[in-house]
1. What number of residues in the stretch 1-27 are in contact with a helix residue (DSSP H, G or I) (Cβ under 7 Å, 6 or more places away or on another chain) and open to solvent by less than 50 Å² (accessible area, probe 1.4 Å)?
2. Among the residues of the stretch 15-60, which ones are within 15 Å of the ligand (Cβ to nearest atom), assigned to a helix (DSSP H, G or I), touching a residue at least 24 places away in the same chain (Cβ under 8 Å) and of a type outside the set (A, V, I, L, M)?
3. Considering only residues of the stretch 126-137 that are open to solvent by 10 Å² or more (accessible area, probe 1.4 Å) and more than 17 Å from the chain's Cα centre (by Cα), which is farthest from the ligand (Cβ to nearest atom)?
4. Restricting to the stretch 279-290, name every residue that is touching a helix residue (DSSP H, G or I) at 6+ places or on another chain (Cβ under 8 Å) and either surrounded by fewer than 18 Cβ atoms within 10 Å (Cβ to Cβ) or assigned to a loop (DSSP other than H, G, I, E, B) (or both).
5. Given the residues Ala82, Ala63, which is the only one that is within 16 Å of the ligand (Cβ to nearest atom), at pLDDT below 95 and aliphatic (A, V, I, L, M)?
6. Mind checking whether some residue in the stretch 306-314 is within 15 Å of the ligand (Cβ to nearest atom), part of a helix (DSSP H, G or I) and more than 23 Å from Asn4 (Cβ to Cβ)?
7. When you go through (1) surrounded by 16 or more Cβ atoms within 10 Å (Cβ to Cβ); (2) assigned to a loop (DSSP other than H, G, I, E, B) one by one for Met87, which number turns out not to apply?
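The values are calculated or read from the model by the stated rules, or taken from the named source; none is laboratory data. Computed from a predicted model, the values in this text were never measured in an experiment. Here the Cβ is made from the backbone with ideal geometry for all residues, glycine too, and neighbour counts use every protein chain on show. For accessibility, only protein heavy atoms count, side chains too; no ligands or nucleic acids. Shrake-Rupley method; radii C 1.70, N 1.55, O 1.52, S 1.80 Å.
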Amino acid sequence: MARNKIALIGSGMIGGTLAHLAGLKELGDIVLFDIAEGTPQGKALDISQSAPSEGFDSRLSGANDYSAIEGADVCIVTAGVARKPGMSRDDLLGINLKVMEQVGAGIKKYAPNAFVICITNPLDAMVWALQKFSGLPKNKVVGMAGVLDSGRFRHFLAEEFNVSIEDVTAFVLGGHGDTMVPLARYSTVAGIPLPDLVKMGWTSKDKLEEIIQRTRDGGAEIVGLLKTGSAYYAPAASAILMAESYLKDKKRVLPCAAHLSGQYGVKDMYVGVPCIIGEGGVERVIEIELNKTEQKAFDKSVESVAGLCEACIGIAPNLK
Ligand code: A3D
């Protein structure tokens, strides 16, 4: 049986971490691609040399030519520029849109049957542009953000309640970061919703608000600490979870930036919603009923994503 092939487009901080995790989990053979000469080759060699200690048999290689990704089952895209202190995700739009055009052409030519996970920021607009540039089916192109945002939320909640991270679930909707919509009533500790935990005196409403705001600002907090780049361990782990669900047809229910064609009243945009990820890619978008406050926050988030897509069309009119 042939091994799966995983192509990592962009071999920077997240790309390298993705390669390491994909190797550790033996998800398949791994190709690192980048325009920077030597970077993907160097990382592939370094990680290959960790295999004897870790005991994995994935084959890793690095390349500067798109032909190396030929026949990939999964492509994870991190190519582009990351945030520096003081930059918003949206500041990256112009530069990274051009990168998505090249990446989309490369995937279209060499890996048209792949499941594509985009991580490049500003996420919701870049994944939308990448689907259009690549021409791949909409259910096979998805953005990673919700798994990371909900992961951050879960981490802060587990700390607040002093319980295992495994027993904390979190539900987030909407765009990545600032306009993320956490749904407290669907976020739980072992099935007990957060509003009930407030009633039970486990935390206060104010503290919960503080945690939600810290989750929204989670990326900026790390950018501020690192000073030279943005988060990479948790973003990589989040995308690997999505890739694994596809490759193993696990049908995990994960919050992803998925293409909406009417769900939640949104048409032809990528927004964070709960999805089932299996062998068919995004097999189902789960539509839940929102209350008034949640709907308002979701609409605001959609509005901000729409603004980014408009800005993309301003730069690349062929996206329309
Ligand atoms: P970084 O370490 O700079 O890696 C980016 C890599 O892309 C570099 O190695 C570049 O050489 C390469 N690159 C640049 N242009 C091209 C091109 N045209 N073709 C191929 N490769 C190219 O960044 P990173 O790995 O830390 O972050 C990558 C992206 O992920 C950035 O846009 C971040 O903003 C984004 N990011 C998203 C999240 C989400 O949750 C959505 C979280 C963290 C980072």
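1. 14
2. Residues satisfying the conditions are Gly15, Gly16, Thr17, His20, Thr39, Pro40, Lys43.
3. Looking at residues that are open to solvent by 10 Å² or more (accessible area, probe 1.4 Å) and more than 17 Å from the chain's Cα centre (by Cα), I get Pro137.
4. Passing the criteria: Glu279, Gly280, Glu283, Glu287, Ile288, Leu290.
5. Values: Ala63 fails: at pLDDT below 95.
Being within 16 Å of the ligand (Cβ to nearest atom), at pLDDT below 95 and aliphatic (A, V, I, L, M) holds for just one of Ala82, Ala63, which is Ala82.
6. Looking for residues that are within 15 Å of the ligand (Cβ to nearest atom), part of a helix (DSSP H, G or I) and more than 23 Å from Asn4 (Cβ to Cβ), one finds at least one in the stretch 306-314, hence yes.
7. (1)
Yes or no, residue by residue, for (1) outside any loop (DSSP other than H, G, I, E, B); (2) within 16 Å of the ligand (Cβ to nearest atom); (3) crowded, with 24+ Cβ neighbours inside 10 Å:
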{"position": "Gly94", "(1), (2), (3)": "yes, yes, no"}
{"position": "Asn113", "(1), (2), (3)": "no, no, no"}
{"position": "Val116", "(1), (2), (3)": "yes, yes, yes"}
{"position": "Asp124", "(1), (2), (3)": "yes, yes, yes"}
{"position": "Asn139", "(1), (2), (3)": "yes, no, no"}
{"position": "Asp149", "(1), (2), (3)": "yes, yes, yes"}
{"position": "His155", "(1), (2), (3)": "yes, yes, no"}
{"position": "Glu159", "(1), (2), (3)": "yes, no, no"}
{"position": "Leu173", "(1), (2), (3)": "yes, yes, yes"}
